[in-house]
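Reviewing the structure listed below.
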Amino acid sequence: MKKLVFMFMLIFAGTTANAQAWTGKGDQKINAGLSAWGYGTGITGTYDYGLNKLISVGAGINGYFGNYKDNDNDNRVFVFGRVNFHLKETLQLPEKLDIYPGVDVGVLGRDFGIGAHIGARYFFTDRIGVFAEVGNNGSLGVSINL
């Protein structure tokens, strides 16, 4: 019986230890969700790649269904690059939580688009979590750890 309890404890510890919101260099995350405010209301998808413990770079796309900038149909898609600064280690946050300010720079229809945000990710398992980003281009949804 003791061996069985010990084995379950090891399995449980292994699953919770891997649920890390940010590991630094080589870390890869995909976010998918709703773009609730900013250039419009719609869906969003982003990818982030960790350069080191502090910085990640990535890309994203937002597709808007309504309330897009100037009600101009050309402004229905925002394609952008992004840089995030991860504060997990600096703020000594729990392993499952990461807070990150960042900037999005890209193309909105025929115009230049820029966004600033502060985001947070929380992971329930080693692969699946949630995220929220607030700023002039904010969103919320599911985060996947690759």
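Residues LEU93, LEU146, ordered by accessible area of protein heavy atoms at a 1.4 angstrom probe radius and largest first, appear as LEU146, LEU93. Magnitude of the charge dipole for the stretch 20-146, about its Cα centre and with charges confined to Cβ atoms of Lys, Arg (+1) and Asp, Glu (-1), is about 220 debye. When nucleic acids and ligands are ignored and a 1.4 Å probe is applied, ILE30 ends up with an accessible area of around 60 Å².
The values are calculated or read from the model by the stated rules, or taken from the named source; none is laboratory data. Please read these numbers as outputs of a predicted model, since none were measured by experiment. Note that we place each Cβ from the backbone using ideal geometry, even for glycine, and neighbour counts take in every protein chain shown. Surface accessibility is based on the protein's heavy atoms, side chains included, excluding ligands, DNA and RNA. Shrake-Rupley method; radii C 1.70, N 1.55, O 1.52, S 1.80 Å.
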